[in-house]
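The values are calculated or read from the model by the stated rules, or taken from the named source; none is laboratory data. Keep in mind that this is a model prediction, so the values were computed, not measured. As a convention, Cβ positions derive from the backbone with ideal geometry for all residues, glycine included, and neighbour counts pool all protein chains shown. Keep in mind that these areas ignore ligands, DNA and RNA; they rest on the heavy atoms of the full protein, side chains included. Shrake-Rupley method; radii C 1.70, N 1.55, O 1.52, S 1.80 Å.
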Amino acid sequence: MEGDEFRKTAHETVDWICDYLEGIEGYPVVPGTAPGEIRSQLPDAPPEKGESMEQILEDFRQIIVPGMTHWQHPGFMAYFPANHSQPSLLAEMLTAALGAQCMSWQTSPAATELEEQAMIWLRELFHLPDSFTGVIESGASFATLSSLLTARESRSHDAGRAWGLQSGGKRFTTYCSEEAHSSIDRAVRMSGLGESCLRKIPTDAQCRLIPSELEKAICQDLEEGNIPLWISVTLGSTGTTATDPVSEIAKISTTYGLWMHVDAAYVGPCLMLPEYAWMLEGLDAADSLVINPHKWMPVNFDCSAYFVRDVAALIRTWEILPEYLKSCEHTPVNNYRDWGPALGRRFRALKLWFVLRYFGREGLSALLRKQISFAQNLAESIRREQDFELMLTPQFNLLCFRYRPVSLSADVDLDTLNQTLLDHLNRSGHVYLSHTRVKDSFAIRLVTGQTRLEERHVQSVWNLIRESARKLHRPSRDQRNGSSATEVRLPVL
Ligand SMILES: *Cc1c(COP(=O)(O)O)cnc(C)c1O
């Protein structure tokens, strides 16, 4: 595809992107696609002869787009968002245009040095201690794995690197709260330590790790001859954005010599706001920390900021230098291929740099505050309704709530009723919500974190939730006649 043809198609593609983003509210947030429906529209075999770009783009529009969940739709309130923004999107286009593989300084000096500086900017923005050095990872999962392996290497004097699980001797044990993200379990699996070495510490009514329970577990492990190695402290759990008491855990970690990792993947960006300065308490004692700009900052997936105190230990964990990778700089440079599990690296710093510059601290803070206020206002609305129940006091922009009809017949299971409500809302096309369990009860989970979200969207989603819920649970004729059977009827939206 040469010269003018590429230019023309590229312009048309940009036009499509602009139209898509401007008209995104016209798409259902979640497609009504049945499993296999998209595959059935694709040929069984790859094409023998090349096809025209026109045909390929047409199929993109006709087959692929209708089967997509639209994460940039303001009605996307499920999981955590994966926000982008126009500056980030432009950077991503340029990254693809440069097509660089940025594994070492020499393979793209600007990519390495921009990453160094962008991570210093992030550290400043988040008010993190100067003792932290940052590197961009593809996700919090890899950052956490990296943290655990570095802890293992530091504690075993690099024996794990050389001997793996054959190094014998005592067993390392690891800790997190029972609310911690599944990436912790996965890191423990991948590290070869095994899930049986992971202690899930009970949480209090606010879903926060209970420090005394942690200390008990550590002491028990010491008694059994294990070596307490590593803890992942959660700031902003995925289920409920619960925040573990970092300072108290830091004291225990210091006493028993644990590596303290902090998982602030989602709520981390709030560290830039003075009103969340309380989250900084104890962080100076952390050995590593991860924050995902690809969630609650408008930097499109993937971009995860991993900060570590002992960079030398990190590099010892990962460094490998075969002949074909040797280069001969005379001044020391960062070769990020030795800072994590992957050799090949995308130029992810570019989009971070574009976003930090375009929005500035003010713009980014305003975005966070706006979305936090949406959640706080909606929480107030939920509290005002007798038949809705807020299940936790929101600290950020995530709400956990459920519908609880005032005159609830005995045989109605609240979990089932709310699951039905959730399915119904998600089928409406206007909103996408997910769920969690708060202390064993089913909760609808709503995140006001999408960058395009405005007050009017929150209002209309709340109206939809109330109307749907109230249509869903109404006494049946039998019940009016004295029986307790309940009819669940789905309204047509
Ligand atoms: C999303 C999330 C993760 C995993 O992040 P990835 O970047 O998808 O690997 C880890 N921890 C928490 C608290 C999260 O919310």
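Computed from the alpha carbon positions, the gyration tensor of region 177-264 leads to an equivalent ellipsoid with semi-axes of 19, 16, 11 Å, biggest first.
Here the scattering of the chain is modelled by Debye summation over its C-alpha atoms, one equal scatterer each and no solvent; at q = 0.06, 0.07, 0.12 Å⁻¹ the log10 of I(q)/I(0) is -0.33, -0.45, -1.20. In region 301-341, which trypsin sites (Lys or Arg not before Pro) are in a loop and have at most 15 other Cβ atoms within 10 Å, using DSSP for the loop call? Answer in residue order: Lys326.
For Leu398, Leu343, the ranking by accessible surface with the largest value first comes to Leu343, Leu398, using a 1.4 Å probe. Rolling a 1.4 Å probe across all protein chains gives Phe301 an accessible area of roughly 130 Å².
When DSSP assigns beta bridges and you keep just the ones with both residues in the chain, what percent turn out antiparallel, to the nearest 5?
Working: 26 of 43 bridges.
The antiparallel fraction comes to roughly 60 percent.
Value of Rg to Rh for region 317-372, rounded to two decimals, is 1.21; Kirkwood radius and Rg both from alpha-carbon coordinates. Loop-located GluC sites (Glu not before Pro) in region 280-389 (DSSP state other than H, G, I, E, B) with a sparse environment of at most 14 neighbouring Cβ atoms within 10 Å: Glu281, Glu319, Glu329. A Cβ-based charge dipole, computed about the Cα centre of region 22-119 with Lys and Arg at +1 and Asp and Glu at -1, lands at about 180 debye. Accessible surface for the chain, divided over its residues, is 47 Å² per residue with a 1.4 Å probe. Placing +1 on the Cβ of every Lys and Arg and -1 on the Cβ of every Asp and Glu, with nothing else charged, gives region 102-243 a dipole about its Cα centre of roughly 400 debye.
Please list Trp71, Trp163 from largest to smallest accessible area, probe radius 1.4 Å, with all protein chains kept in place.
Result, largest first: Trp163, Trp71.
Mean residue ellipticity at 222 nm, helices only, the chain: -12500 deg cm²/dmol; runs of at least 4 DSSP H residues each add -39,500 (n - 2.57), and the sum is divided by the number of residues. For region 1-84, trypsin sites (Lys or Arg not before Pro) meeting the loop criterion (DSSP other than H, G, I, E, B) and having at most 13 other Cβ atoms within 10 Å: Lys49. The residues Trp230, Trp121, sorted by heavy-atom accessible surface at 1.4 Å with ligands and nucleic acids left out, run Trp121, Trp230 from largest to smallest. Measuring max minus min along each principal axis, the C-alpha atoms of region 403-459 give extents of 41, 23, 20 Å (largest first).
Candidate membrane-span-like segments in the chain, meaning DSSP H helices with Cα atoms spread over at least 27 Å of their own axis and a Kyte-Doolittle mean of -0.5 or above, are 349-384, with no membrane implied.
Considering all different alpha carbon pairs of region 249-312, the Kirkwood hydrodynamic radius works out to 12.7 Å.
Beta bridges from DSSP with both residues in region 171-234: antiparallel share about 10 percent, rounded to the nearest 5. Remark: relative contact order (the chain) = 20 percent; criterion is Cα-Cα distance under 8 angstrom and separation of 6 or more residues.
Any of Lys251/Lys295; Lys216/Lys251; Lys200/Lys439 with alpha carbons more than 18 Å apart? Name them for me. Long pairs (Cα-Cα over 18 Å): Lys251/Lys295. As a ratio to 2.2 N^0.38 Å, the alpha-carbon radius of gyration for region 1-145 is 1.36.
Mean separation of Cα pairs under 8 Å and 6+ residues apart, divided by the residue count of region 178-303: what relative contact order is that in percent? Write down the numbers at each step before the final one.
On the way: 177 pairs, mean separation 25.2, N = 126.
Value for region 178-303: 20 percent.
Charges were assigned to the Cβ only: +1 to each Lys and Arg, -1 to each Asp and Glu. The resulting dipole of the chain about its Cα centre is roughly 960 debye.
Using a 1.4 Å probe on the protein heavy atoms, what percent of the accessible area of region 127-179 belongs to carbon and sulfur?
Working: 1170 of 2310 Å².
After summing per-atom areas, the C and S share lands at 51 percent.
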